[in-house]
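Have a look at the structure below, then the notes.
Values in this text are rule-based calculations from the coordinates and carry no lab data. Just so you know, these numbers come straight off a predicted model, no measurement behind them. Here the Cβ positions follow ideal geometry from the backbone for every residue, glycine too, while neighbour counts run over all protein chains shown.
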Amino acid sequence: MNTAEETSSKVREGEYFYLKSLNKPQLEAVKSLSGPLLILAGAGTGKTRVLITRLAHILVTKRALPSEVLAVTFTNKAAMEMKERVEKLIRRSTETMWIGTFHSLCARILRKHAEIVSLKTNFTILDTDDQTRLIKQVMEIKNIDLKRWPPRSMLSIIERWKDRGLSPTDVRDKEIGKFASGKSLTIYESYQQRLITLNAVDFGDLILHCLNIFKKSKDVLFEYQRKFKFILVDEYQDTNIAQSLWLKKIAFGQNNICCVGDDDQSIYAWRGAEVDNILNFEKDFSDARTIRLEENYRSTSHILSSASGLISHNKGRLGKTLWTSIDGGEKINIKSFWNGKDEAVSISEEIVRLQKKKSRLSEISILVRASFQMREFEERFMKMGLPYRVIGGPRFYERMEIRDAIAYFRVIIQSQDDLALERIINVPKRGVGKSTLQILYKHARSQGVCLYEAIQQIISTDELRPSLKNTLEDLLKQFERWRTEINSMEHSEFCAMVLDESGYMEMWQKDKSPDAEGRLENLKELVGAIREFDSLSSFIEHVSLVMENTENAKEDKINIMTLHSAKGLEFDTVFLPCWEEGNFPNQRSLDEGGEKSLEEERRLGYVGITRAKKRVYVSFAVNRFIYNQLVSCIPSRFVSEIPEEHVKEEESLLFDDQEGFSDQEDSFFSQEENFYKKSKIAPINITPGRKFPSSYKHKSKESDFVQEAVKIGEEVFHDKFGYGKIKSMQGNKLEIIFQTGIKKVLKSFIKKR
DNA sequence: CCATGACGCTTTTTT
DNA sequence: AGCGTCATGG
């Protein structure tokens, strides 16, 4: 191919074909190549395009070699997309470029300089499951009541520390907190020690160790500072403190860093992302410039204005004014339902209608707050035979059989991996149960060796009963033999052999449970996947770092996913169901983080709306099954935050269905009261004069509706039924004689004459 | 060591 | 409801 000559000829002619279709700020963002640059890019303003074009421009104009560019993304998907699009644009392989996620790039650096932080280059990257088991072990040793102090919580405390770049020695006393009676820091210390003994790291360590390498060895740091002439960072609003420190260190000197982000789309604060990174960019990097991309090419003006109206309720924004030249279109459809089932039915019917109008299903998406909410839609679509796909469901590599199989490989590659050995030591059953394991671990701890070595030592004694001793001896011999064979054959064949010889395959073949067959299938698929890699260890690295869902997005199916996983995607039609207080905004989120979390929930709503190109449907139900209990709900405050002029409101169900309503009304109101009592947030203000849904749902003190006593026989007014006379009352429930007949109504829906 | 039933918890998620 | 963990008893 003549790609190189072709590109350089373009350069000589000064054509830069790829710059032609950019708008003014985009062009500026691509061409401002010296000094720190923050690109504030609103939803749908072409930020990925700018990033890719910028990268291409740097290379084409020969400002840097491919190996001198560092491009950091947040997800593997984004990294792959960037590689593909850059390759397509400049027709050159991206192989020598450092394009990847924070974690994969750090892993690359860490493998090279592992010894600086007391690791060996073949260290294992633990998954969540391993992490939990490890922290549990540590806590058990320290006699912590695991019921009172859940290991998962401890893990998240550690993760938050790591997110901030804090090693155990950096944690200040006042940060320790009440967890595990103040033992959280010692647990953290022991956990880190155990990781080193296991020659293992967790995800947070990838960044943290890398920071420590830079701290300990200036030479290594200089090497990378010199190497990377240009740094590009995507989704900067999602970076945590450790990651921004990492960037700052590498960028120091050359100072050519360009970060792209949108503070309004920061939705990962709950796992340590720091919105302040983007807010403080100009302070963190001297002489920084900021360019705003504000022309939206994705959505109609109704959609964009709705989203802007919603997000304008947040404080502390950098502020952007998005605009679009795509005029008109449909208003946002807002609809209420009696229950979740009605909602799913109606949405599925609407989808069929759209389908008849030649809409592609793959251009339709249902975005929910929490994944359990997907089920209602899945069931409905299944019933109707509508094809759908769930994005971000359970992952292939998280299945038990796959993890077990990989655990075998991990022990072969790295015998210090106690967690992997522990996982499979009795799978298939070998009669090595909990008590045996305890003996082994006790020995390991007293000798300061890993589990594998402990077994080696213990089987040379008579501590164990003969049958056990023999099984363990056989197992170790097997592992030793596998290690000698690993390089003598094709690696996927080797893996198949291990699974076979270990008896793992046989275990599932003999299993009569209905899912055994599927598991065998998965194992076959695993071997097939391994074949695609150069080596077993590169496969395992892939599994630990990439873990991607191989979805073929090409099939014409409805997309169902959470709001979180929708970021970065776009669809013609977006359904946003389940907009009820407690669910969205999520109550737990609110309880934990108060006002800040409320704003993050609102950003989530903003992300949801801005995914749509043509149509948005927001809906909520009055009743919903939660843990199999029917609960009355009130609509999300976000519903009334969408500006009225961009909304098409469908008639409320509440007014049409008084009969069904009366059964629920007691719980309906106590629910609302409880909600505001529990929530740290005061009831929100309503827009006066707005009939639906705010006027009767989100009553506040300013409301002109009746708050206090009314008498039997008194004449009152109801929005829908007009004037009537109170016949009887029972708590909040009133029976009122209207001209159209006797209705049961909630007191709060009534105005005094 | 393993099977069984009681108990209890249940957001978002990528790496 | 549904799953996972834990304690109990065989």
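Were the residues from A:Ile391 through A:Lys283 laid out at 0.36 nm apart, the gain over their Cα-Cα distance would be 35.1 nm. For the range A:163-222, pairs of C-alpha atoms spaced more than 19 angstrom apart make up 38 percent of the total. Our Cα-only numbers for the range A:1-153 put the radius of gyration and Dmax at 21.9, 73 Å. Here the Karplus curve 6.51 cos²θ - 1.76 cosθ + 1.60, taken at θ = phi - 60°, turns the phi angles of the range A:105-116 into couplings of 5, 5, 4, 4, 5, 5, 4, 7, 10, 3, 4, 4 Hz, with x standing for Gly and Pro. Counting charges near A:Phe203 (Lys, Arg +1; Asp, Glu -1) among other residues having Cβ under 12 Å from its Cβ returns a value of -4.
Between amide H atoms placed 1.01 Å from N, distances below 5 Å from A:Val631 occur with A:Arg624, A:Phe625, A:Ile626, all of them 5 or more places distant or on a separate chain.
The alpha-carbon atoms of the range A:39-117, seen along their principal axes, cover 43, 30, 20 angstrom, with the largest extent given first.
Computed from the C-alpha gyration tensor, the three semi-axes of the ellipsoid equivalent to the range A:265-333 are 28, 16, 9 Å, from longest to shortest. Classified by the C-alpha gyration tensor, the range A:297-429 has a prolate form. Its axis ratio a/c, with a ≥ b ≥ c, is 1.5 or above, and a/b is larger than b/c. Computed from the alpha carbon positions, the gyration tensor of the range A:313-385 leads to an equivalent ellipsoid with semi-axes of 28, 19, 12 Å, biggest first.
Between the amide H of A:Glu580 and those of A:Ser636, distances stay under 5 Å, these residues lying 5 or more places away or on another chain, with hydrogens modeled in the peptide plane. On the principal axes of its alpha carbon atoms, the range A:385-459 extends 60, 24, 17 Å, with the longest extent given first. Under the simplified labelling scheme, the A:Lys356-A:Ser93 pair shows an inter-label distance of 5.4 nm, with each label point 7 Å from Cα along Cα→Cβ. Along the range A:220-237 the Karplus relation, 6.51 cos²θ - 1.76 cosθ + 1.60 evaluated at θ = phi - 60°, assigns HN-Hα couplings of 5, 4, 4, 3, 6, 4, 6, 5, 8, 7, 9, 10, 10, 10, 9, 6, 4, 5 Hz to successive residues, with x for each Gly and Pro. Listed by Cβ neighbour count within 10 Å, with the fewest neighbours leading, A:Glu649, A:Glu330, A:Glu282 appear as A:Glu282, A:Glu330, A:Glu649.
Note: the range A:373-428, Cα convex hull, 126 Å³ per residue. Evaluating 6.51 cos²θ - 1.76 cosθ + 1.60 at θ = phi - 60° for every residue in the range A:452-463, the Karplus couplings come out as 4, 5, 4, 5, 3, 5, 6, 7, 8, 10, 10, 5 Hz, glycine and proline recorded as x.
Residue ranges A:195-205, A:408-418, A:490-500 sort as A:408-418, A:195-205, A:490-500 when ordered by packing (mean number of other C-beta atoms within 10 Å per residue, highest first). Three principal axis extents describe the C-alpha atoms of the range A:436-550; from largest down they are 48, 34, 27 Å.
Relative to one another, the C-alpha centroids of the range A:217-295 and the range A:378-435 are positioned 36 Å apart. Here the contact order of the range A:443-541, divided by its residue count and restricted to Cα pairs under 8 Å and six or more residues apart, works out to 18 percent. Amide H contacts of A:Thr562: A:Val368, each under 5 Å away and 5 or more positions distant or on a separate chain (H built 1.01 Å from N in the peptide plane; Pro and chain starts excluded).
Expressed as a whole percent, the proportion of Cα-Cα pairs in the range A:200-273 lying more than 13 Å apart is 69%.
Average 1/r across all pairs of distinct alpha carbons in the range A:214-372, invert it, and you get the Kirkwood radius: 19.6 Å.
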